Amino acid sequence: MGFWKSLFTTTDTTTESSSQKRDRASLSPVTPQTERIFFSTERDIDLYDLEELCDAVGWSRRPLRKVKKAIQHSFLVVSMWEQQGNRRRLIGFSRATSDHAFNATIWDVVIHPDFQHKGLGKALMKYLIKKLRNDDISNITLFADPHVVEFYRNLGFTPDPEGIKGMFWYPD
């Protein structure tokens with residue numbers, strides 16, 4: 001944990017609107033002080049910025065009204081931002097649904113290709129898991145495409161624990 005503590009510090013700040021609380025973890029700058037990366041749990045995300053991020057990794061487009069609804073009904077939403085001077089850019093996103101007691105499922109984990117392979121996906125997941133554990137969620141699941149299974153395995157996720165197989169129902 002010492003490595004991550006050396007990179008990230010957690011602070012709570014309030015935006016202009018006192019009703020919008022923001023949780024941030026800032027990456028210690030390795031470039032001049034004008035650039036930093038931080039997390040936010042705000043749900044007021046520009047859907048076009050999110051669509052642009054998803055396009056950058058090649059995800060299929062989804063109706064924005066449904067994306068908005070998914071975000072509104074999620075238990076936790078975490079976004080990752082690059083701040084350069086006054087400019088803020090969405091570079092990562094994830095969300096989780098939950099029964100608010102025992103279980104949560106992580107969805108839509110995405111990191112912009114320009115920021116992949118730098119440890120930021122791992123940091124995003126660790127931040128999300130920490131937030132879920134702080135809410136006493138003990139069973140965290142996710143669905144992973146085959147090419148990212150090893151990434152999640154390295155974070156402690158186990159495919160099909162105890163031989164349990166997921167089942168799906170799709171409309172005809």
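Which ones in segment 45-58 are outside any helix (DSSP H, G or I) and under 18 Å from Leu124 (Cα atoms)? Even if it seems obvious, please write down each step before you answer.
Step one: list which residues in segment 45-58 are outside any helix (DSSP H, G or I), which gives 45-46, 57-58.
Those that are outside any helix (DSSP H, G or I) and under 18 Å from Leu124 (Cα atoms): Ile45, Val57.
Kindly evaluate Ala70 against the criterion of being more than 12 Å from the chain's Cα centre (by Cα) and exposed (fewer than 12 other Cβ atoms within 10 Å of the Cβ).
Details: more than 12 Å from the chain's Cα centre (by Cα): yes; exposed (fewer than 12 other Cβ atoms within 10 Å of the Cβ): no.
Against the criterion (more than 12 Å from the chain's Cα centre (by Cα) and exposed (fewer than 12 other Cβ atoms within 10 Å of the Cβ)), Ala70 does not qualify.
Answer yes or no: is there a residue in segment 129-138 that is under 22 Å from Val57 (Cβ atoms), surrounded by 14 or more Cβ atoms within 10 Å (Cβ to Cβ), in contact (Cβ under 8 Å) with a residue 24 or more places away in the chain and in contact with a Leu (Cβ under 7 Å, 6 or more places away or on another chain).
The answer is no, given that none of the residues of segment 129-138 is under 22 Å from Val57 (Cβ atoms), surrounded by 14 or more Cβ atoms within 10 Å (Cβ to Cβ), in contact (Cβ under 8 Å) with a residue 24 or more places away in the chain and in contact with a Leu (Cβ under 7 Å, 6 or more places away or on another chain).
Does Arg89 meet the test of being within 15 Å of the chain's Cα centre (by Cα), under 22 Å from Gly156 (Cα atoms), surrounded by 14 or more Cβ atoms within 10 Å (Cβ to Cβ) and not small (Gly, Ala, Ser)? Lay out the reasoning, then the answer.
On the way: within 15 Å of the chain's Cα centre (by Cα): yes; under 22 Å from Gly156 (Cα atoms): no; surrounded by 14 or more Cβ atoms within 10 Å (Cβ to Cβ): yes; not small (Gly, Ala, Ser): yes.
Here the answer is no, as Arg89 does not meet what is asked.
Quick one: is Leu64 under 18 Å from Phe38 (Cβ atoms) and surrounded by 12 or more Cβ atoms within 10 Å (Cβ to Cβ)?
On the way: under 18 Å from Phe38 (Cβ atoms): no; surrounded by 12 or more Cβ atoms within 10 Å (Cβ to Cβ): yes.
No.
Does segment 129-138 contain at least one residue that is more than 18 Å from His73 (Cβ to Cβ), modelled with pLDDT under 95 and out of contact with any Pro (no Cβ under 8 Å at 6 or more places or on another chain)? Give the steps one after another, and end with the answer.
Of segment 129-138, the ones more than 18 Å from His73 (Cβ to Cβ) are 129-130, 133-134, 136, 138.
Subsequent filtering for residues that are modelled with pLDDT under 95 retains 138.
Narrowing further to those that are out of contact with any Pro (no Cβ under 8 Å at 6 or more places or on another chain): 138.
The answer is yes; a qualifying residue exists.
Residues that are out of contact with any strand residue (DSSP E or B) (no Cβ under 7 Å at 6 or more places or on another chain): find the strands (runs of 3 or more DSSP E) completely inside segment 61-137 holding 1 or more of those. Before the answer, list the steps.
On the way: elements: 76-84, 87-98, 103-111.
Hits in segment 61-137: 87-98.
Could you go through segment 100-118 and let me know if any residue there is among the charged types (D, E, K, R), surrounded by fewer than 16 Cβ atoms within 10 Å (Cβ to Cβ), closer than 20 Å to Asp135 by Cα and free of Cβ contacts under 8 Å to residues at least 60 places away in the same chain.
no
So Thr141 ticks every box in (1) more than 16 Å from the chain's Cα centre (by Cα); (2) surrounded by fewer than 18 Cβ atoms within 10 Å (Cβ to Cβ) but one. Which box is left unticked?
(1)
Where residues in segment 147-166 are part of a helix (DSSP H, G or I) and of a type outside the set (D, E, K, R), which of them is surrounded by the most Cβ atoms within 10 Å (Cβ to Cβ)? Let's see the steps before the verdict.
Filtering segment 147-166 down to residues part of a helix (DSSP H, G or I) leaves 147-153, 161-163.
Okay, now just the ones that are also of a type outside the set (D, E, K, R), so 147-149, 151-152, 161, 163.
Values: His147: 7, Val148: 12, Val149: 12, Phe151: 15, Tyr152: 18, Pro161: 8, Gly163: 5.
For segment 147-166, the residue satisfying everything is Tyr152.
The values are calculated or read from the model by the stated rules, or taken from the named source; none is laboratory data. In this text, all values refer to a predicted model and were calculated from it rather than measured experimentally. Quick reminder, even Gly has a Cβ in these numbers, built from the backbone with ideal geometry, and neighbours come from all protein chains shown.
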